[in-house]
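Here, each number is a calculation from the coordinates, and none is a lab measurement. In this text, all values refer to a predicted model and were calculated from it rather than measured experimentally. Neighbour counts run over all protein chains shown; Cβ positions are idealised from the backbone, glycine included.
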Amino acid sequence: MRRLLITGAAGQLGQVMRKRLAPLAKTIRLADLAPLDHPEQNEETMACDLSDAAAVHEMVSGCDGIVHLGGVSVERPFNQIVGGNIVGLYNLYEAARAHGRPRIVFASSNHTIGYYPQTERLGPDAPFRPDGLYGVSKCFGEALARMYFDKFGQETALVRIGSCAPEPINYRMLSTWLSHDDFAAMVKAIFRAPTLGCPVIWGSSANDAGWWDNSHLGWLGWKPKENAEPYRARIATHTPKPASSDPMVRFQGGGFVDNPIFKE
Ligand code: NAI
Ligand code: 15L
């Protein structure tokens, strides 16, 4: 690619991915509402609020691919979620439609299905069971992406990320962990694929205790390499085992199911 856009580039995953994805494009365009670190030689930065349609059009213009990490990433009052995750998604897809339909990696979330019990194994067609307004906003994003694919051929990978972190630090993450390297390898495979469509991709490493079935993705050529299991002993040493009634060991979305509907 000539130019790859990473939104939410100032965030946790943005900071990790900007270096790992550098080989994908001559120029990496980093965009965020929050201040961005000084750009490297292969990078350019752009301040952009996703809720501002004109700014989003400018951000997307000239890009051949988009890794969309921007937006509210945890449970918040609805009026805080709506700008980035609802209006922002619409702005992004309208801008992509106007600028040659660059392939999009959409950072969706396990919180689209958070109310499933941890005893269930899920494939890509499991109905949504969001565990809060944040999860609902990601369901909206997935539905919007799907509609733009069916109507306009806009390709998107709907990546339902579990817990993308340097290492798993609690019992739930033995199932949900996605290593940074596995995430970067997935994104590279998504951009390498000759055709993509609009698949759901479960964003987890090859965890022995995983809940999600990616067997529909043989064509993608992505095989996660890491596994949370070797961290089990360390977690057992440092973390008391939660009671069987604790949402952290009952629901796939963990503690998010306990969130109230936050008000401003
Ligand atoms: P983060 O909260 O650290 O980063 C999100 C970034 O988006 C922030 O830098 C923020 O300034 C920016 N942002 C928020 N509202 C914006 C707006 N209106 N306009 C422009 N930028 C805005 O989140 P993190 O952990 O880096 O996650 C990245 C993406 O991946 C998020 O969309 C999140 O929902 C998703 N995700 C992350 C998971 C994880 O384990 N880190 C798990 C599941 C999904
Ligand atoms: C998410 O969707 C959040 O963005 C992230 O901060 C974690 O809470 C993650 O899910 C998780 O479920 O561990």
(request) Compute the relative contact order of segment 39-147 as a whole-number percentage, counting only Cα pairs closer than 8 Å that sit 6 or more residues apart in sequence. (result) 29 percent
(request) Could you calculate the contour length gain from residue 97 to residue 195, that is, 0.36 nm times the residue separation minus the distance between their Cα atoms, to one decimal place in nm? (result) 33.5 nm
(message) For the ranges 70-78, 220-228, 155-163, what's the packing order if you count other beta-carbon atoms within 10 Å of each residue, average per peptide, and put the highest first?
(response) 155-163, 70-78, 220-228
(message) Taking the number of other C-beta atoms within 10 Å as the exposure measure, put 87, 105 in order starting with the fewest.
(response) 87, 105
(request) Across the chain, how many lysine pairs, 8 or more positions apart or on different chains, have C-alpha atoms separated by under 17 Å? Please give the number. (result) 4
(message) Sequence gap at least 6, Cα distance under 8 Å: using those rules, report the relative contact order of segment 105-258 to the nearest whole percent.
(response) 31 percent
(message) I want to make sure I understand the PRE zone here: with the label point 7 angstrom from the Cα of residue 152 toward its beta carbon, which residues in segment 77-95 have backbone N atoms less than 17 Å away?
(response) 86-95
(message) Tell me whether segment 74-147 comes out rounded, prolate or oblate; compute the Cα gyration tensor, take square roots of the eigenvalues as a ≥ b ≥ c, and use a/c under 1.5 as the rounded threshold.
(response) oblate
(request) May I ask you to sort 216, 38, 68, 111 by Cβ crowding, counting other Cβ atoms within 10 Å and putting the fewest first? (result) 38, 216, 68, 111
(message) Which of rounded, prolate or oblate describes segment 122-264 when judged by the alpha-carbon gyration tensor and an a/c cut-off of 1.5?
(response) oblate
(request) Evaluate the relative contact order of the chain (contact order divided by residue number), counting alpha-carbon pairs under 8 angstrom at least 6 apart; express in whole percent. (result) 18 percent
